[in-house]
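**Student:** What follows is a single structure, and I will ask about it in a moment.
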Amino acid sequence: MDAAAAADLCSLITTIAELADSLFMQLATDAPEVDSHSAPRSKYEVAVRVLCEFTSKQGDLDTRFTPSPSAQEGVAGHRIVASRRGEGYETEVMVAADYGTLHVRGRADGYDPHANRLEEFKTYRGDLSRMPANHRALHWAQLRIYGWLFCQARGLSEISLALVYFELASEEETSLVEVQSARALEQHFVDHCQRFLDWAESESAHRRSRDRALGALRFPYDKFHAGQRQLAEAVYCNVRDGRSLLAQAPTGIGKTIGTLFPALKAMPAARLDKVFYLVAKTSGRVLALAALSRIKASAANLPLRVVELVARKKACEYPENTCDGAGCPLARGFYDRLPAARAAAMTIEFLDQIQVRELALKHSVCRYYLTQELARWSDVAVGDYNYYFDLNAMLYGWTLAAGWRVAVQVDEAHNLVERARNMYTASLDYGALIEARQRAPATLKQPLACVDRAWQRLVRAQQEDYRAYDSMPAALLRALEAFIAAARAYLSEDPQHQADKLQAFFFDTVRFCRLAAGLDCDTLFEIAKSAAADPARRSNVHAILCVRNVLPRRFLAPRFAAAHAAVLFSATLAPHDFYLDVLGLPQDTKRVDVRSPFHPEQLTVKLVPSVSTRYRDRERSLAPIAEIIAAQFEAQPGNYLAFFSSFEYLHAVAARLSAQHPGISLWMQERQMTEPERDGFLARFIAGDCGVGFAVLGGAFAEGIDLPGLRLVGAFIATLGLPPLNCVNAEIERRMSAIFGAGYKYTYLYPGIQKVVQAAGRVIRAPSDRGVLYLIDDRFKRREVRSLLPAWWRISEVA
Ligand code: SF4
């Protein structure tokens, strides 16, 4: 994990933790108003902490890692402080009051009636003088609100307020005390409430006009495509009724607008706060924004706030800097300038990254963190899957904390299986442990040595290069947890290790232990002995320990449950049961299979059973595949895509074709192409030109690209796309077999054929398209394979 990602992880953990015990902003009434003529009747309810977060945050943004106490440590610390108080001391005093339509509530930590002193406890680690001033200001703002609520409840004219900071290691208290009059506190309360209320009322007005406009929204085209209406109706009904939907719909019918439009249309009826449109790839994000732009353009004055979420590495103006006041000018004073930037953003509404960048630069705030703030106030957020599904996902955390009612739309949902597996997998490399040991200060040498010893014992006891275990070795887990505790204490004292290998190992270990704690039959613990890239470092203990998720259902299920509705759609979601099982969708998930609008006459599908693309037959297959491509090219010159299982195979066939038919123009996908290189590959598909693009099945050109008409007239698929036979897949197959009784299908067949169908879908993009598809391998004849291919294909065998 790199330093930026690590800092991100920490800031998200902190954000979620901060929000988890608070109500963000919620209408106390059941439903938002949709009648514009009625007087506002909404009442807002807000926790003191959230009120102050909104009105009092000031100063610098600072995402440097400062290990904060866990929730349990905080509770334990509070108990210790309270236990030290004398007789008559009141703890956890509930307080509340109204200001206009705003109801403010909270719980003060303690009140000493003898000293007339209201106390707020804050636990911390390390040196109190390092606490940023803006944190202290926030604590005071919060305590003064409690002060007024308490004075009002008890009829007091004056009160002593104490911020009590409790250091967890030394158990020492530091108290900061001030005496305030009830009048001054009331003024403080009124000032904060008024600012919050102004914003809340403008939000409520926005919500009313948004829902009114969405109720009248019309489809932005003259008519639906064939199949698009069926999809849109299914999405509308399921979002309105709060259900999950698995929708398989062919490419080319306009799935993006066919799912976004009905979800927006259902927002008022479903009383939705937000729609999250989640994508696997940048291309999906671009299409979603184009569809939303079209919807907004088609409806005059549609007050719909759209925000595009992008990764920090794409949004950062100073990638070499740290995200704090000293390191970055856009972090310095971020919270002082945030309210103006936020208010300006609300007037723009369509906040793609071009707009957000312009706005952020104008207000001198960080674009990445501004975008995160704007996501709270948006109606539609468009971003990668990880914003909702990741272990520390921001949108999921906010949904839970704020009680948002959301519809989650998952574009190209077949990708979620693999993406989610990666999200819930963690590994530790022996090389990283060694580097951490080399950089460790004296206090961490012993815990890391224990980790090393446990590691070595474990790896040396394993004879095989690879082995999967059903449980986590207790000794290793204990050693890792002891290291985490020691490192947390050390990093609190000395937070200078921002981009350090030691800190990186600490983050990796935290993630590893978090996932290891929930090891079950859906997850493997595995040890893979490896040769380090540098042979000098190779040793018999060099290994990678991995907690590998193979079935993400346990992690995804609560995320689907937190959404009012979830719509997962793709051209390839067959068989539905596989996706329901693996993704943990609710049992009552609706399914819809939209009939293809295309006719068999549009696509000539030729199956070549005389060729085997199995690994052992590769060499023999090169010449026949080259001849098939050349013959088709001669019969019908034009642009083609040829798909293979690997780069090696791709290059071997391309070399053979070039040697035998040098007149055919070829271009090839390469490993790790940059975005401009990928664009260059696609730019060669010019209508009327001729040539063959060689690509890897399942790669960047096998889905999510659109080459309509004569830009692409055919495709060759010389593989079944089956995942490779190796130790990991063999273990996954064993698990799938034990759980579902379908090891081969769940591990190899379904994921493989899904890729074939996706790649084949590049050929026919519109009702006017015509093309040819070659399925090159004898296994395409098998019934279990044929049953997974689109029903509208008419397949003929060729010699
Ligand atoms: S612009 Fe500054 S605050 Fe924003 S992500 Fe980059 S370094 Fe961090």
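**Student:** Quick one: in segment 359-389, which of the residues that are more than 16 Å from the ligand (Cβ to nearest atom), open to solvent by 10 Å² or more (accessible area, probe 1.4 Å) and of a type in the set (D, E, K, R) is nearest to PRO319 (Cα to Cα)?
**Tutor:** Ranking the candidates gives ASP384 first.
**Student:** Checking PRO473 against (1) modelled with pLDDT of 95 or more; (2) surrounded by fewer than 20 Cβ atoms within 10 Å (Cβ to Cβ), which single condition isn't satisfied?
**Tutor:** Of the numbered conditions (1) modelled with pLDDT of 95 or more; (2) surrounded by fewer than 20 Cβ atoms within 10 Å (Cβ to Cβ), the odd one out for PRO473 is (1).
**Student:** Which members of segment 235-254 meet the condition of being assigned to a loop (DSSP other than H, G, I, E, B) and under 23 Å from the mean Cα position of the chain (by Cα)?
**Tutor:** Correct list: GLY242, ARG243.
**Student:** Any residue that is assigned to a loop (DSSP other than H, G, I, E, B) and modelled with pLDDT of 95 or more - is there at least one of those in segment 444-456? Steps first, answer last, please.
**Tutor:** Start the filter on segment 444-456 by keeping residues that are assigned to a loop (DSSP other than H, G, I, E, B), which leaves none.
No, segment 444-456 contains no residue that is assigned to a loop (DSSP other than H, G, I, E, B) and modelled with pLDDT of 95 or more.
**Student:** Could you check GLU119 against (1) buried (at least 16 other Cβ atoms within 10 Å of the Cβ); (2) in a strand (DSSP E or B); (3) touching a helix residue (DSSP H, G or I) at 6+ places or on another chain (Cβ under 7 Å); (4) not polar (S, T, N, Q) and say which number it fails?
**Tutor:** The number of the failed condition is (3).
This table checks each residue for (1) at pLDDT below 95; (2) open to solvent by less than 60 Å² (accessible area, probe 1.4 Å); (3) part of a helix (DSSP H, G or I).
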| position | (1), (2), (3) |
| --- | --- |
| SER492 | yes, yes, yes |
| ALA504 | yes, yes, yes |
| PHE512 | no, yes, yes |
| ALA532 | yes, yes, no |
| LEU551 | no, yes, no |
| ALA557 | no, yes, yes |
| PHE569 | no, yes, no |
| TYR579 | no, yes, yes |
| PRO586 | yes, yes, no |
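**Student:** With the condition kept exactly as written, say whether any residue in segment 296-315 is within 16 Å of the ligand (Cβ to nearest atom), free of Cβ contacts under 8 Å to residues at least 60 places away in the same chain and open to solvent by less than 50 Å² (accessible area, probe 1.4 Å).
**Tutor:** Within segment 296-315, one or more residues are within 16 Å of the ligand (Cβ to nearest atom), free of Cβ contacts under 8 Å to residues at least 60 places away in the same chain and open to solvent by less than 50 Å² (accessible area, probe 1.4 Å).
**Student:** Report, by residue number, each residue of segment 316-353 that is of a type in the set (S, T, N, Q) and either within 17 Å of ALA133 (Cα to Cα) or out of contact with any Asp or Glu (no Cβ under 7 Å at 6 or more places or on another chain) (or both).
**Tutor:** ASN321, THR322, THR347
**Student:** For segment 207-232, which positions are hydroxyl-bearing (Ser, Thr, Tyr) and open to solvent by less than 70 Å² (accessible area, probe 1.4 Å)?
**Tutor:** SER209
**Student:** Now for a separate question. Name the residues in segment 165-183 that are surrounded by 13 or more Cβ atoms within 10 Å (Cβ to Cβ) and of a type in the set (Asp, Glu), would you?
**Tutor:** GLU167, GLU173, GLU178
**Student:** Considering only residues that are small (Gly, Ala, Ser) and within 16 Å of the ligand (Cβ to nearest atom), look in segment 320-344 and name the one that is surrounded by the most Cβ atoms within 10 Å (Cβ to Cβ).
**Tutor:** The qualifying residue surrounded by the most Cβ atoms within 10 Å (Cβ to Cβ) is ALA331.
**Student:** Of a type in the set (Val, Ile, Thr) and within 16 Å of the ligand (Cβ to nearest atom), is that true of VAL356?
**Tutor:** yes
The values are calculated or read from the model by the stated rules, or taken from the named source; none is laboratory data. Since the model is a prediction, treat every value here as computed from it, not as a measurement. A quick note on method: Cβ atoms are made from the backbone with ideal geometry, for glycine too, and the neighbour counts reach across all protein chains shown. Note: accessible area is taken over every heavy atom of the protein model, side chains too, but ligands, DNA and RNA are not part of it. Shrake-Rupley method; radii C 1.70, N 1.55, O 1.52, S 1.80 Å.
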